[in-house]
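Structure, as structure tokens:
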Amino acid sequence: MADTGAADQLAPLSVSETPEAKFREFLEIRGEKLTEPRRVLVRQIFDTHKHFDADELVRDVHDSGHAISRATVYRTLRLLVEAGLLRELRLTNRTAYEHDYGYPAHDHMHCTVCNRVVEFRNDEIRRIRDAVSRAHGFRPAGHRFLITGVCSACSRAHSPRRRLDLI
Ligand SMILES: [Zn+2]
Ligand SMILES: [Zn+2]
């Protein structure tokens, strides 16, 4: 069966500064340094766009031969969110992270059977957000919109009767 994984994600935007340079600036303002473990983490994280959780990152980092403590991974993730480089994503059963810097604003669908996360953009959702905000005199800076359910591959695989029900 064809895996449509690539279509689950949007194309990145082009940005003038590297995430590493952005993070260094952010840390300098706070009087902190881009230490070697932090540099390794930023490179690892921004190497590929995906929705990952802290434990996955700890595993990836160890698999690539770096000894970075779990505490450092967690603290760096928090800093990257504060710096606007990463976005925190509360899924049904876990907290995931993904690139915010250099990536277009978007929403998600989460399949609760296979855990697949599908990204999409929809102008209608943004229009509704803006209209609701206007009506309340609220200035929106962002929103969270998550559709949970069962993806097409899982519906096909797990419930052959479902189609008949719909006819
Ligand atoms: Zn699924
Ligand atoms: Zn996403």
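The values are calculated or read from the model by the stated rules, or taken from the named source; none is laboratory data. Fair warning: this is a prediction, and the values are worked out from it, not measured in the lab. A quick note on method: Cβ atoms are made from the backbone with ideal geometry, for glycine too, and the neighbour counts reach across all protein chains shown.
A few remarks follow.
- Every test in (1) on the phi < 0 side of the Ramachandran plot; (2) at pLDDT 90 or above; (3) under 21 Å from the mean Cα position of the chain (by Cα) is passed by GLY149 save one, and that test is (1).
- Some residue of segment 79-96 being crowded, with 17+ Cβ neighbours inside 10 Å and assigned to a helix (DSSP H, G or I): yes
- For segment 133-151, the set of residues classified as surrounded by 12 or more Cβ atoms within 10 Å (Cβ to Cβ) and assigned to a loop (DSSP other than H, G, I, E, B) consists of PRO140, HIS143, PHE145, VAL150, CYS151, listed by residue number.
- Breaking point among (1) crowded, with 18+ Cβ neighbours inside 10 Å; (2) part of a loop (DSSP other than H, G, I, E, B), for THR76: (2)
- Among the criteria (1) surrounded by fewer than 14 Cβ atoms within 10 Å (Cβ to Cβ); (2) within 23 Å of ASP8 (Cα to Cα); (3) among the small types (Gly, Ala, Ser), the one GLY65 does not fulfil is (2).
- All positions within segment 96-135 that are of a type in the set (Ser, Thr, Tyr), under 28 Å from THR18 (Cα atoms) and either in contact with a strand residue (DSSP E or B) (Cβ under 6 Å, 6 or more places away or on another chain) or within 16 Å of ligand 1 (Cβ to nearest atom) (or both): TYR97
- Some residue of segment 109-128 being over 21 Å from ASP8 (Cα atoms), free of Cβ contacts under 8 Å to residues at least 40 places away in the same chain and surrounded by 14 or more Cβ atoms within 10 Å (Cβ to Cβ): no
- Some residue of segment 14-24 being touching a residue at least 24 places away in the same chain (Cβ under 8 Å), loosely packed, with under 11 Cβ neighbours inside 10 Å and over 30 Å from SER152 (Cα atoms): yes
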